[in-house]
Amino acid sequence: MLLAGAVAWVSVPYQAGTPVSAASTLSELQDRQQELESQKAENDEKLDALKEDTEKQAEYKETLNAQIETVQQEIDSYNLEINALNDQITEKEAEIADKQASIDANYEKLKERLCALYKAGEASTLEIILNAENVSDLLRKTQIMQAVTEHDTELMNTLKTEMEEVAGQKAEIESNKAELTDSRTKLQDSQNQLTTLMEEADSLLTDLERQQKELEEENASLSEEMQQAQADLDQWYADYYASQNSGDDSNGSGGSSDGGSSSGGNTGSNEPVDGTGQFMWPVPGYYGAITQGFHSGHKGLDISGGGIYGQPIVASDSGYVVFAGFGSAANSHNRYGYCVDLDHGNGYSTMYAHCSALTVSTGSYVTKGQVIGYVGNTGQSYGAHLHFEIRHYGTPVNPSSYV
């Protein structure tokens, strides 16, 4: 962020009559900014988790859809088989009806013949004997009567057998149909369960998407608040530096040169003056030894090289020490270890971080080139180096354009 190493005089009240007046101190503005950043980070974590849950739920829903489609295909297949069996059952029922009709018709004829024979009785037999021309004729007529009777009996038995076969086939088809119907019922139960799970998955997915949308809307609002908080901080610095410059002009102290010895602390009888606006390299002997430059994610220069640990760090320009100590979240210098902030006037300030030791204290005045500390590896640092920043009205600028 823009003010990661901002000045630590957090008790200084906000003086100018600006829209920032609701937050009367720099500390309150910084706390508000940190609170918004923490809330945004927390929301981002929740959003990541929600997005992951949403993706998993969507995949689960796709799996359920695939299972439902598979079950539906099986149900459709069973329906086709059941329909085919229904057609076969209808055919068998028609065959049975035909066989039954034939049996009934032949049975009626047989009954009629039997009834006629019964009524004729002995007379009929006697007539056959008397009317026979000879023995051969008698035998032939007797055989004919016997053959007719046997034929009727055989026909009845054949029809009965065929009907029993058709009935058996029908029973087998109905049994197969019952099995298929049972399987289809089980599949339909499974489909109903899957549909219920799908509805639950849809509901959960909708809820996750709703939560995600709410968090995204909240984050959008937080981003606007963060921009406003940053603008308030920038305004605080702008008004502060404007008031400082105004005070310097009224006191007549702003026109003298930086002068003085580079080894001095407070200038004693020499009246402190604004910086020259011309910055020098902060680690003599390591000019241009940059291991990481200025970019959007890194608001300064990292200066390092062989044997740099313990090398002296000098003030890049004259100015007041507004912070000297070990950085923490409480003093808005978290991650920087031992560090120094200098206010050079005219809207310019510098920061020197990760020092091994400091030689100045908050509130003192230093001159350009004065030793203010030694290169170290404190705070969130991964090797001895100096993290050096230049700010103009609180906004980090590329030091390479100034040194």
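The values are calculated or read from the model by the stated rules, or taken from the named source; none is laboratory data. If you're wondering where the values come from, they're calculated on a predicted model, not measured in any experiment. Cβ: placed from backbone, ideal geometry, glycine included. Neighbour counts: every protein chain shown.
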**Request:** Kindly indicate the residue of region 60-81 that is among the charged types (D, E, K, R) and either within 30 Å of the chain's Cα centre (by Cα) or under 18 Å from LEU205 (Cα atoms) (or both) and also modelled with the lowest pLDDT among those meeting that condition.
**Result:** LYS61
**Request:** Give the residues of region 385-394 that are surrounded by fewer than 20 Cβ atoms within 10 Å (Cβ to Cβ) and not in a strand (DSSP E or B), sorted by residue number.
**Result:** TYR393
**Message:** Is it the case, given these coordinates, that ALA357 is more than 22 Å from GLY288 (Cα to Cα) and assigned to a strand (DSSP E or B)?
**Reply:** yes
**Asked** Which is surrounded by 14 or more Cβ atoms within 10 Å (Cβ to Cβ) and modelled with pLDDT of 55 or more, of ALA231, ALA238?
**Response** ALA238
**Fill in**
Over region 58-90, the set of residues exposed (fewer than 15 other Cβ atoms within 10 Å of the Cβ), in contact with a helix residue (DSSP H, G or I) (Cβ under 9 Å, 6 or more places away or on another chain) and within 30 Å of GLU216 (Cα to Cα) is ALA58, ASN65
**Subset of region 318-329 [modelled with pLDDT under 90 and not in a strand (DSSP E or B)]** = GLY327, SER328, ALA329
**Request:** For GLU55, indicate whether it is among the acidic types (Asp, Glu), surrounded by fewer than 16 Cβ atoms within 10 Å (Cβ to Cβ) and assigned to a helix (DSSP H, G or I).
**Result:** yes
**Prompt:** Since ALA171 meets every condition but one in (1) modelled with pLDDT under 85; (2) farther than 26 Å from ALA58 by Cβ, which condition does it not meet?
**Reply:** (1)
**Residues satisfying the stated conditions in region 188-228, i.e. in contact with a Ser or Thr (Cβ under 8 Å, 6 or more places away or on another chain) and either under 17 Å from ARG32 (Cα atoms) or surrounded by 16 or more Cβ atoms within 10 Å (Cβ to Cβ) (or both)** = LEU205, LEU208, GLN212
**Message:** Could you list, ordered by first residue, the pairs with Cβ atoms under 9 Å in which the first is in region 295-315 and assigned by TED's automatic domain parsing to the domain that holds ALA357 and the second is of a type in the set (Lys, Arg), at least 6 apart or interchain?
**Reply:** LYS299/ARG391; VAL314/LYS368; ALA315/LYS368
**Asked** Quick check, is SER332 small (Gly, Ala, Ser), in a loop (DSSP other than H, G, I, E, B) and farther than 19 Å from TRP236 by Cβ?
**Response** no
**Asked** Restricted to region 338-368, and to residues that are surrounded by fewer than 21 Cβ atoms within 10 Å (Cβ to Cβ) and of a type outside the set (A, V, I, L, M, F, W, C), which residue is modelled with the highest pLDDT?
**Response** THR359
**Message:** Can you say whether LEU117 is aliphatic (A, V, I, L, M), surrounded by 12 or more Cβ atoms within 10 Å (Cβ to Cβ), in contact with a Ser or Thr (Cβ under 7 Å, 6 or more places away or on another chain) and at pLDDT below 65, as far as the supplied structure shows?
**Reply:** yes
**Message:** Tell me the residue from VAL397, VAL403, VAL375, VAL314 that is farther than 15 Å from PHE279 by Cα and either of a type outside the set (Ser, Thr, Tyr) or crowded, with 24+ Cβ neighbours inside 10 Å (or both), please.
**Reply:** VAL375
**Prompt:** Which ones in region 184-225 are touching a residue at least 40 places away in the same chain (Cβ under 8 Å) and acidic (Asp, Glu)?
**Reply:** ASP202, GLU209, GLU216, GLU218, GLU225
